[in-house]
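Novice: Have a look at this one before I ask anything.
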Amino acid sequence: MEIRLAKSAGFCFGVERAVNTVYELLKDESNHPVYTYGPIVHNREVVGDLERRGVRVLNTPEEIRGIEKGTIVIRAHGVSEEISRLISARPGVKCVDATCPFVQRIHRTVREESLKGRNIIIIGNAGHPEVVGTKGWSVREAAVIETAEEAQNCPLDVNEPVCIVAQTTFRATKFEDLVARLQEKGYNAICMNTICNATQERQTEAGEIASKADVMIVIGDPASSNSAKLYEICRRVCERTYFIQRAEDLNLQLTGTEALIGITAGASTPKNIIEEVRSHVGSGNEF
Ligand code: F3S
């Protein structure tokens, strides 16, 4: 019996880099106390573990103003220019920017294009921290569009040039549809498709493995929408798909005839949990 773990299972490159940054900083006492602006990843186990090691989560600019020493880490989603400056300007406080390089590139585009005189349109969810941060790099007007109706009612002047960018996790087909609607309105637009393919790759690989597997295991929090989506994709092609949060949840009913067991995990599932599940399945405990 083969156990195949998806290469794209778990954290994407940007989140893994940010989480590792925090653990690295903790190794050196001179960085302490360590703070993150917002939870470093939406995973209770990881945030809880960091909390036990003394890492505190800051949620507001006021809380940043209250910090007098230590290190503040900017997570993979990034922050607005204002927040970035606020952290960097704190005397006695070190700012470590773990913004994903793909998000940084969007910030640069937004800043440069708005400086050149273009208004900014972000296709994404206005309440998402990444979008809030991206919006904060525009020096001109910026609008966030998520639905056809919002595209129709876009508040930006149609006679002024615009630059369109996307939230990194936005669905590609929906992005294209919204861009077309904005262009129909007559905007003179340059359009940057800034969608990151980490999510797409994870989903495609999960589907491919599940289509060949006798049993598929999806590890993730049921409350996480990308994990639920992975389960849905796998379940469609592999009837025996299990959706679990950790190794203890796994109650595999194997017949002994299985040739391939596939494993994947949502974007906020840490490596150690994935490894635990893999070795649990590999140990044959469930036979
Ligand atoms: Fe992750 Fe960076 Fe893409 S945070 S989803 S690798 S933009």
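Novice: Looking at the range 1-12, which of its residues are at pLDDT 95 or above and either open to solvent by 50 Å² or more (accessible area, probe 1.4 Å) or away from the ligand (no atom under 16 Å from the Cβ) (or both)?
Specialist: Glu2, Ile3, Arg4, Leu5, Lys7, listed by residue number.
Novice: Looking at the range 105-144 only, could you name the residues that are touching a Pro at 6+ places or on another chain (Cβ under 7 Å) and closer than 24 Å to Gly38 by Cβ?
Specialist: Listed by number, the list holds a single entry, Ala143.
Novice: For the range 13-59, name all the residues that are within 16 Å of the ligand (Cβ to nearest atom) and acidic (Asp, Glu).
Specialist: Within the range 13-59, just Glu16 meets the criteria.
Novice: Select from the range 248-287 the residues that are of a type in the set (A, V, I, L, M) and under 21 Å from Cys12 (Cα atoms) and list them in ascending order.
Specialist: Listed by number, the residues that qualify are Ile263, Ala265, Ala267, Ile273, Ile274, Val277.
Novice: Still on this model: Which residue, of Glu201, Glu176, is part of a helix (DSSP H, G or I), open to solvent by 10 Å² or more (accessible area, probe 1.4 Å), assigned by TED's automatic domain parsing to the domain that holds Ala6 and acidic (Asp, Glu)?
Specialist: Unique residue meeting the criteria: Glu201.
Novice: Gly127: surrounded by fewer than 17 Cβ atoms within 10 Å (Cβ to Cβ), in a loop (DSSP other than H, G, I, E, B) and at pLDDT 95 or above, yes or no?
Specialist: For Gly127, the condition - surrounded by fewer than 17 Cβ atoms within 10 Å (Cβ to Cβ), in a loop (DSSP other than H, G, I, E, B) and at pLDDT 95 or above - is not met.
Novice: How many residues does the range 14-24 contain that are open to solvent by 60 Å² or more (accessible area, probe 1.4 Å) and either acidic (Asp, Glu) or not assigned by TED's automatic domain parsing to the domain that holds Gly78 (or both)?
Specialist: 1
The values are calculated or read from the model by the stated rules, or taken from the named source; none is laboratory data. Values in this document were obtained by computation on a predicted structure and should not be read as measured data. Counting neighbours? That spans all protein chains shown, and the Cβs are built from the backbone with ideal geometry, glycine included. To get the accessible areas, we keep the full protein, side chains included, count just its heavy atoms, and leave off ligands, DNA and RNA. Shrake-Rupley method; radii C 1.70, N 1.55, O 1.52, S 1.80 Å.
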